[in-house]
Amino acid sequence: MTTPRRLLLVAAPALLLAPAIAHATPDAMAAALREFTGGAEVRRGRVAMDISPLVENGNTVPLSVIVDSPMTEDDHVRAIAIFNERNPQPHVITAHYSARSGQALLATHIRLATSQNLLAVAALSGGTFWSDSAQVVVTLAACLEG
Amino acid sequence: MARVLINIPREIRAGETIAIRTLIQHAMESGYRPGADGNVVPRDILRRFTARFDDEVVFAAEFSPAIAANPFLSFTMNVVAGGTLTLRWEGDNGFDQTETRRITVA
Amino acid sequence: MKRLALLALCCLPAAAQELRSGFEDMARETQALQREDATNPAMLWVQEGEALWSSPAGANAQSCASCHGAAETSMRGVAARYPAWDEASAAPTDLAGRIAQCRTERQGAPPLERESPGLLALSAYVGLQSRGVAISPPADPRLAPAMSQGAALYAERRGQLDLSCAQCHDDNAGRRLAGSTIPQAHPTGYPLYRLEWQGLGSLQRRLRGCMTGVRAEPFRYGAPEYIAIEAFLMGRATGMAMETPAVRP
């Protein structure tokens, strides 16, 4: 006969141990974005970011981004960058492409310190910038080691 | 030498765009994590990945500490003819590892 | 009378429920990590284990392959039949213990410590050869005492939280604890890549985590208590498919 209260006690230490570490802010993310775009306008569209809206462990979060582009010499994606609001740093990864890439695809595993917004931005050869965003909830694991 | 897994499609036709998937064994120590003694463990991450096909860079990436431990990366490239794929990971503390794979087309 | 009925309710064996791997309760994305070898970080350890399997080691310059040949055939199904009886020590041993013993006794090589990268790598490589094989503990009567000791340890309340394994993993399996679903605790995929660990770990590491979780003193690595609990858990998971090397959150 186990009471839910007793089970909750197991979860409590995880809350107590959450380290008080400085994190990025929406402002820091905006600054990192400006560095990537040089202040150019970023439009929504063309970019599709795929990430689970509910993440069960922030240590390894599969993320993929695909940009709608013909990937020719004249018209291709030069770079894709991922930014976040509340990790210690606003930048996650920047990937570089050429027409030889065939496709503007990026798939990797990232870390998320907590629930937050993510932004994927594509820089096109023509000088335009396109984006997609995602809001991700990172749940609290019950049983952590140590 | 860090362990590396590189997944390349077995059969490739000329002109095909293929996906290459890579995993490399690395702790990606973020520089924000307190160790057992309470002090922050110094940062030790991979910083840069470069994929060359023969002499041409087909894909490159810069990592921040927000890339998960044992980094996974997938990218695509258009294969016109056979050649050599050279993958290089560079990081903190002088980390520098290169792997090559021969790519043949059917 | 009422008390008896209550007792009966508490002691309903796990077999009364449908056996369910923790894999089923994971997010689709985490399941995908395990399903695809190209994305499963545990395969890095498997690759290391494969290299170790055929590397000569120790005074006799023998590799695992020198005696056992190709692991794909000789090790098929082996991990699904551990813990097993060890004649030399006249005690049950787990797969990692057997590999470590082979290493020192047969190869004459320096010992592989519990949870060392080499022992995890070899355990993962040997374990992979049983992927998909149904767990089938050996019908060896000499293992019976360990299995009943394991059953007793599983049911025994411990730690400052005064909780037994069974209270979470039998009585409350399938319910939620914070953000996680409490699994039935079947050891189908060890050693496994735990996202929390950001690396590969053994069942013993997981059991230690549970014990410190309930604020109990964990047994030392390699302790007979862990072998006993594993023997009980593998018996309880009889028929389930091996998943080594699994991924868990």
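Data for the structure
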| read-out | value |
| --- | --- |
| Residues that are assigned to a loop (DSSP other than H, G, I, E, B) and surrounded by 15 or more Cβ atoms within 10 Å (Cβ to Cβ), drawn from the range C:35-57 | C:D37, C:A38, C:T39, C:N40, C:P41 |
| Residue tally, condition of a type outside the set (S, T, N, Q) and in contact with a His (Cβ under 7 Å, 6 or more places away or on another chain), over the range B:70-90 | 2 |
| Answer residue from the range A:64-80, given it is out of contact with any Lys or Arg (no Cβ under 8 Å at 6 or more places or on another chain) and assigned to a strand (DSSP E or B) and is farthest from A:M49 (Cα to Cα) among those | A:R78 |
| Positions within the range C:211-245 being assigned to a helix (DSSP H, G or I) and acidic (D, E), in sequence order | C:E225, C:E230 |
| Test result for C:M240, crowded, with 22+ Cβ neighbours inside 10 Å, at pLDDT 95 or above and within 30 Å of C:E36 (Cβ to Cβ) | no |
| Wholly enclosed helices (runs of 4 or more DSSP H) of the range C:87-157 bearing at least 3 residues aliphatic (A, V, I, L, M), surrounded by 21 or more Cβ atoms within 10 Å (Cβ to Cβ) and outside the structural domain of C:M211 (by TED's automatic domain parsing) | C:95-101, C:117-128 |
| Top-ranked residue of the range B:57-91 - restricted to ones that are part of a loop (DSSP other than H, G, I, E, B) and in contact with a Lys or Arg (Cβ under 7 Å, 6 or more places away or on another chain), ranked as nearest to A:T114 (Cα to Cα) | B:A66 |
| Odd one out for C:A166, checked against (1) part of a helix (DSSP H, G or I); (2) on the phi > 0 side of the Ramachandran plot | (2) |
| Which numbered condition A:V61 misses (of (1) surrounded by fewer than 22 Cβ atoms within 10 Å (Cβ to Cβ); (2) within 14 Å of chain C (Cβ to nearest Cβ); (3) at pLDDT 95 or above) | (1) |
| Residue match in the range C:207-226 (condition: touching a residue at least 40 places away in the same chain (Cβ under 8 Å), touching a Ser or Thr at 6+ places or on another chain (Cβ under 9 Å) and among the β-branched types (V, I, T)) | yes |
| Residue among C:P92, C:P83, C:P138, C:P111 that is without any contact (Cβ under 8 Å) to a residue 12 or more places away in the chain and within 23 Å of C:A228 (Cβ to Cβ) | C:P111 |
| Hey, B:E29 facing chain A (nearest Cβ under 10 Å), surrounded by 15 or more Cβ atoms within 10 Å (Cβ to Cβ), farther than 19 Å from C:D37 by Cβ and of a type outside the set (S, T, N, Q) or not | no |
| Qualifying residue in the range A:131-140 (condition: in contact with a helix residue (DSSP H, G or I) (Cβ under 9 Å, 6 or more places away or on another chain) and closer than 22 Å to C:T39 by Cβ) | no |
| Qualifying residue in the range C:97-108 (condition: in contact (Cβ under 8 Å) with a residue 60 or more places away in the chain and in contact with a Leu (Cβ under 8 Å, 6 or more places away or on another chain)) | no |
| B:L73 vs. criteria surrounded by 14 or more Cβ atoms within 10 Å (Cβ to Cβ), more than 10 Å from chain A (Cβ to nearest Cβ) and within 15 Å of A:H96 (Cβ to Cβ) | no |
| Residue in the range C:156-183 that is modelled with the lowest pLDDT, counting only those that are under 13 Å from C:D25 (Cα atoms) and within 20 Å of the chain's Cα centre (by Cα) | C:T181 |
| Residues located in the range C:25-34, provided they are closer than 18 Å to C:P191 by Cα, in a helix (DSSP H, G or I) and away from chain B (no Cβ under 14 Å) | C:Q31 |
| Which listed residue is loosely packed, with under 15 Cβ neighbours inside 10 Å and hydrophobic (A, V, I, L, M, F, W, C), from B:A14, B:A60 | B:A14 |
| Residues that are more than 10 Å from the chain's Cα centre (by Cα) and either within 14 Å of chain B (Cβ to nearest Cβ) or buried (at least 21 other Cβ atoms within 10 Å of the Cβ) (or both), drawn from the range C:193-209 | C:Y193, C:R194, C:L195, C:E196, C:W197, C:Q198, C:G199, C:L200, C:R208 |
| Filtered residue count, the range B:19-54, keeping only those that are out of contact with any Gly (no Cβ under 8 Å at 6 or more places or on another chain) and either in a strand (DSSP E or B) or of a type outside the set (G, A, S) (or both) | 18 |
| Residue among A:L112, A:L119, A:L106 that alone is under 26 Å from B:S30 (Cβ atoms), touching a helix residue (DSSP H, G or I) at 6+ places or on another chain (Cβ under 8 Å) and either touching a residue at least 40 places away in the same chain (Cβ under 8 Å) or in a strand (DSSP E or B) (or both) | A:L119 |
| Hey, A:L112 closer than 30 Å to C:R208 by Cβ, crowded, with 21+ Cβ neighbours inside 10 Å and not basic (K, R) or not | yes |
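The values are calculated or read from the model by the stated rules, or taken from the named source; none is laboratory data. Note that the coordinates shown come from a computational prediction; the quantities given were computed from them, not determined experimentally. All Cβ positions, even for glycine, are placed from backbone atoms using ideal geometry, and neighbour counts span all protein chains on display.
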